Amino acid sequence: MKKNNILVKIVGMVLVLALTLTGCGQKTATVEKEKYPIKPLNMIIAFTAGGSSDIQARLMQKYWNKYVPEQPWVFNYTTGAGGAIGFGAIAKAQPDGYTLGGVNVPHMILQPMAQDAQFSIDDFEYISQVVTDPQVLAVHKDSKYKTWKEAIDYAKANPNKLKVGIVGTFTGHHMMLLDLKDRLGIEVTQVVYKGAADQNAALLGKEIDLMIGNVNDVMRSIENMSILGIAAEKRNAFLPDVPTLKESGLDLISDIRRGFVVPKGTDPEKVKFLRDSFKKIQEDPEYLADMKKAGQPTDNMSGEEFDKYVHAQQEYNKKLLTKFGLIK
Amino acid sequence: MTKRKSDILAGLVSILVAVAFMVQGFKLSDRVNAMPLVLEIFLIVTGIYMLIRGFISKGAEKGEEGEADINWVRAMVIVLATFVYVAGVIYIGFYVSTFVYLLLGSWYLNEKGLTLSALMLSLIFSTAISGVLYLIFTVLLLVPTPAGLFF
Amino acid sequence: MLENILTGFANSFIPINFLLIIAGLIGGIIIGALPGLTATMGVALMVPITFAMNPISGLIMLGAIYSGAIYGGSNSAILINTPGTPSSVATTFDGWPMTKQGNAAGALNASLFASAFGGVIGTLFLLFLAAPMAQLALKFGAPEFFWLCIFGLSTIAAMVPGNVVKGLMSGGLGMLISTIGLDPLEGARRFTFGAYSLVQGIEVIPAMIGLFSFSQVIVLVGSNNKFIADYKAKKGAAMLVAKTLLKSAKANLMRSSIIGTFVGILPGAGGEIAGIISYNEAKRWDKNKANFGKGAIEGVVASEAANNATIGGSLIPMLTLGIPGSAVAAVIMGALLAHGIQPGFKIFANNAELAYSFIVSLIVVNIVMVFVGVHLIKGTAKVLNVPTSYIGVAIVALSVIGSYTIRNSIVDVMVMIFFGLVGYFGGRVGFDTGAMALGIILGPIAEDNLSRSISLAGAEGSVFKVFFTHPISLLLIILTLISVLTPLLMAKYRAKKEAVANDKA
């Protein structure tokens with residue numbers, strides 16, 4: 001009996017202790033908000049160091065340090081498979097608010113759709129869109145084509161004779177080419193390059209007749225190219241003399257967008273903090289000036305809108321790929 | 001290893017690899033599978049040539065270099081230790097695993113035998129190397145290292 | 001222009017810039033010597049720091065890191081048979097045998113002088129012949145690249161005399177393994193054997209660290225030798241090497257530097273290909289071909305002069321056309337752009353001081369490198385005085401972290417270990433690690449350009465026209481044939497001569 005009493009007492013004490021402890025824990029959690037950030041943030045970049053995505057993030061980091069001086073970013077280059085490896089790494093990371101990363105649209109939409117990438121666009125909380133880099137149609141400056149229509153007319157008259165360069169498959173360039181083929185009913189020879197540098201070299205060396213490029217990339221070799229049209233709603237500040245495709249009668253919008261995300265399930269408070277910080281950075285005139293200098297077309301969009309945009313784009317891309325039999 | 005044995009082994013390996021890739025490539029489109037297929041056929045043909053050369057040769061010829069006295073136990077212990085080390089890097093973290101691997105590895109390999117003084121030397125060595133790696137990668141270059149449970 | 005060049009020299013000797021040159025060189029050499037830390041990574045990591053600097057100082061520092069890292073790669077290639085950067089693959093072919101023979105100091109100094117020489121020649125081309133060289137780079141299309149790769153692969157035949165079939169098999173295995181991942185044409189998943197993580201493909205650097213370095217550790221540990229090799233510091237080793245090179249390697253140095261510069265201007269072909277081609281050419285033109293692969297100083301000289309010459313070469317299309325000739329040049333271009341400077345021929349007019357200061361500083365960098373390097377060599381060579389029991393495990397630790405940091409992938413670490421075993425056991429059945437590495441490096445470039453050429457042939461309507469009518473392609477085809485046929489003909493010729501001699505006797 002005596003033994004039992006002691007046991008009961010002990011169990012009782014443990015219970016009381018446990019209850020108070022958990023109670024206390026809950027109380028502190030509700031009353032005192034978790035401080036954030038208290039350690040450096042891991043920034044996953046899915047492309048090589050020194051590339052456009054990296055330069056953009058590095059410029060942004062400068063202003064992150066201005067607005068959130070407590071904790072820096074630690075860059076983590078997780079590259080491969082056109083970004084799919086890095087995007088997957090963000091999706092799989094701990095949703096503790098200490099891992100964020102850069103994503104590219106439409107790559108992040110196309111890779112799960114067509115290449116079995118190990119993530120989906122629903123695996124993220126969207127922080128902010130930072131860049132919209134529209135696609136352009138470019139030719140060599142000595143090219144016989146003075147407008148994009150001339151090139152298209154040639155392609156119509158000579159199926160598969162026009163050599164069009166794009167970077168990668170299941171990329172923004174690839175989608176634009178498919179869209180062009182779909183709307184204009186042309187057959188062209190698709191020549192795939194590894195990166196913008198190879199593609200620019202091929203156009204300058206006249207290996208291809210026409211290329212689909214981005215503003216940021218063509219600006220580097222602009223002396224030797226002429227840009228025939230830009231697939232955007234409005235003319236671009238970097239290329240004010242280039243007409244939009246829309247102006248010349250083709251309602252085609254195509255671009256590559258960059259933004260930042262965290263893994264799904266990150267604390268909403270932290271997501272809000274990040275969204276607010278990114279907003280502040282992008283409203284800083286010095287940041288905008290730096291981005292302009294680096295040739296990066298800024299386009300701030302809030303996390304919520306970016307989320308919606310990505311999901312809306314999924315439908316468009318799915319239709320296009322299905323039409324060309326590239327997915328089932 | 002005799003030349004004959006090494007020819008046969010090389011032939012077998014090359015054929016096996018080529019067949020494995022060939023099976024994997026069945027579902028690919030022709031253009032995607034073009035260069036791999038050429039390579040697979042090349043490897044199978046040369047592999048068969050190696051097998052034939054191996055079987056008809058006398059077999060007495062001495063083969064590749066480095067035959068002398070290989071200490072297989074030491075070599076294989078380090079290979080196995082490295083497997084454990086990599087697992088440690090994944091689950092425990094780079095620096096802790098590296099420290100332990102360097103400590104035990106160099107102690108096991110040193111020629112004075114597993115003495116206490118050798119262990120002390122290994123301790124100094126592994127602390128120094130781990131420290132230098134930490135300094136270069138984490139402090140100076142800010143390059144992320146694999147972190148498991150610890151760092 | 002002369003005025004600009006003089007300003008450039010003056011800028012290089014401003015104390016802060018000169019200090020940055022020395023610091024950049026030392027940092028670069030260390031980064032280059034550590035397997036896995038590449039020149040690209042070294043330069044990329046420093047770019048954000050240049051944001052806060054005056055652009056001229058920033059560029060001077062990046063140039064110093066680039067040069068230091070490409071040279072630094074040879075140190076580990078020579079001392080532990082591990083190319084610190086892929087550019088030094090060909091340096092291992094003779095540098096490592098030299099070390100084993102106790103002549104590490106000779107190899108290290110030769111690589112230093114050759115690197116500096118190549119670096120200066122490459123820069124001179126950049127300074128005086130940028131415009132025509134850039135036009136030449138543009139003439140290099142997909143079919144030319146394809147033939148260049150075939151030419152590179154043809155060196156296998158010369159690399160492993162007496163074992164040509166197994167050499168070719170090793171190259172074939174390397175190429176086949178390199179097709180794992182996403183294919184370059186349709187972006188389809190290939191050969192992942194059910195493991196999604198293989199979709200990122202076999203990265204060249206971890207594979208090479210495994211083939212060369214981890215397999216070497218297994219050999220070392222199993223060898224019962226107390227040290228990697230005999231090494232005693234000798235006074236005047238540097239002078240002795242300098243004299244030898246001046247006397248007998250002038251042609252080799254010049255040829256290799258020019259090859260390096262030309263390969264450097266091509267985007268997509270870098271130091272590793274330049275080194276391999278120069279190595280093979282040095283061997284072809286040398287009287288004592290048989291020495292190559294067994295510790296010929298000429299082999300080290302060829303590889304190292306060529307890979308440092310690619311630096312100047314790779315900057316030519318970057319500065320003039322905005323097309324970087326190498327990954328590092330791309331990073332430097334990123335730094336330029338972040339400072340708001342647009343590349344292009346106009347850069348020499350609009351930003352003359354910056355452009356010329358940067359170019360001229362590279363000459364200064366290469367000269368300073370000799371003085372910095374001579375001192376560092378004395379320290380690095382001491383690695384050989386550390387017993388293998390310590391060196392072995394330290395190399396493994398470095399290999400693990402080096403493979404990981406390339407792209408933060410643990411899969412790459414496993415790839416490294418796998419290739420270590422392939423290198424070790426493959427070596428025992430007569431496979432050649434050098435040939436396999438060559439296959440892994442050249443395989444993807446060859447396939448990429450082959451499939452592009454086929455696309456182009458579709459538009460042209462003629463395969464023959466695309467592959468066999470361009471003048472550069474024809475030149476490369478002829479070179480390839482020569483390279484494949486000479487060893488065969490030489491063997492026949494020698495056999496005949498011997499037969500004649502035997503008849504007389």
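A few remarks follow.
- Hz values of 3J(HN,Hα) by residue in region C:34-46 - Karplus curve (6.51, -1.76, 1.60), Gly and Pro given as x: 7, x, x, 8, 9, 4, 4, 5, x, 5, 4, 5, 8
- Euclidean distance of C-alpha centroids, region B:68-109 and region A:127-191, integer Å: 54 Å
- Counting only residues at least eight positions apart within a chain, or on another chain, the lysines with an alpha carbon under 22 Å from that of C:Lys243 are C:Lys232, C:Lys234, C:Lys235, C:Lys283, C:Lys287, C:Lys289, C:Lys294, C:Lys378.
- The residues neighbouring A:Val167, those whose beta-carbon lies less than 10 Å from its own, together hold a net charge of -1 under the Lys/Arg +1, Asp/Glu -1 convention.
- Note on region A:206-255 and region C:252-282: Cα centroid distance 36 Å, given to the nearest whole angstrom.
- Global form of the protein assembly as shown, assessed from the alpha-carbon gyration tensor, a/c cut-off 1.5: rounded
- Across A:Lys163/B:Lys27; B:Lys3/C:Lys492; A:Lys35/A:Lys308; A:Lys149/A:Lys181; A:Lys194/C:Lys346, pairs whose alpha-carbon gap is larger than 18 Å: A:Lys163/B:Lys27; B:Lys3/C:Lys492; A:Lys35/A:Lys308; A:Lys194/C:Lys346
- Taking a Cβ cut-off of under 12 Å around C:Gly275, the surrounding Lys, Arg, Asp and Glu residues balance to a net charge of -4, with basic ones at +1 and acidic ones at -1.
- Shape of region C:284-323, Cα gyration tensor, a/c cut at 1.5: prolate
- Couplings 3J(HN,Hα) of region C:485-497, computed from phi: 7, 4, x, 5, 5, 4, 4, 4, 4, 5, 4, 4, 4 Hz, in residue order, whole Hz [Karplus 6.51 cos²θ - 1.76 cosθ + 1.60, θ = phi - 60°; x for Gly and Pro].
- Shape call, chain C: gyration tensor on alpha carbons, a/c limit 1.5: rounded
- Seen from C:Ile78, the other residues with C-beta closer than 15 Å to its C-beta sum to a net charge of 0, counting Lys and Arg as +1 and Asp and Glu as -1.
Coordinate-derived values only; no laboratory data. Note that the coordinates shown come from a computational prediction; the quantities given were computed from them, not determined experimentally. Please note: Cβ atoms are built from the backbone with ideal geometry, for glycine as well, and neighbour counts cover all protein chains shown.
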